[in-house]
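Down below is the structure, laid out as structure tokens.
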Amino acid sequence: MKSFETTSPPTEPSQEQSPAESNPVAEAIKGNADLNAWRTEGGDKWSKALDIDDELRADPHWQDKPLADRFTEVSRRVNAAFEKPAASANSQEVRAKAEAAEEQANADLPASPSEVGATSAHQGTVMDKVANADADEVGAMFDNMSDDQIEALLSTL
């Protein structure tokens, strides 16, 4: 006993329908701008699209999906396949520029820190100077300060 019989006979396209209406694949291709352009142009991208579509049709994951979804995936994969060489060329160019800039920066540096020389001496705070000075040096510092500055200094101690 057959449980999945069709109750209506298969329909044949009427003569009033246009060829595009009777061919869902052609309609789906026209609905995808990339595929439509690649089909018109022919070439590597169209060949790659056909190969990828064959792979997707054989994949059980894609067999029950609508044509538009499958063709969107084909378009995405073709674009990714053709963008990789450009992206890797770009990254190689960026890498080469970075290496050249690093070499230039290293060429500008002296071989040792002692060759750089001291351009500025560390200036400690007034508190550091007072703490490390002897009585005569502290007296000399206070001689160069106003009464208000001396009071402010002593209040921090």
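Could you list all residues from segment 52-67 that are more than 21 Å from Ala81 (Cα to Cα) and part of a loop (DSSP other than H, G, I, E, B)? Asp64, Lys65, Pro66, listed by residue number. Sort out which residues of segment 36-62 are buried (at least 16 other Cβ atoms within 10 Å of the Cβ) and among the β-branched types (Val, Ile, Thr), and write them in order of number. Result: Ile52, single match. Can you name every residue in segment 34-48 that is in a loop (DSSP other than H, G, I, E, B) and of a type in the set (D, E, K, R)? Listed by number, the list is empty, since nothing qualifies.
Rule-based calculations on the coordinates, nothing more; no lab input. Remember, predicted model here, so these are calculated numbers, not experimental data. Note that we place each Cβ from the backbone using ideal geometry, even for glycine, and neighbour counts take in every protein chain shown.
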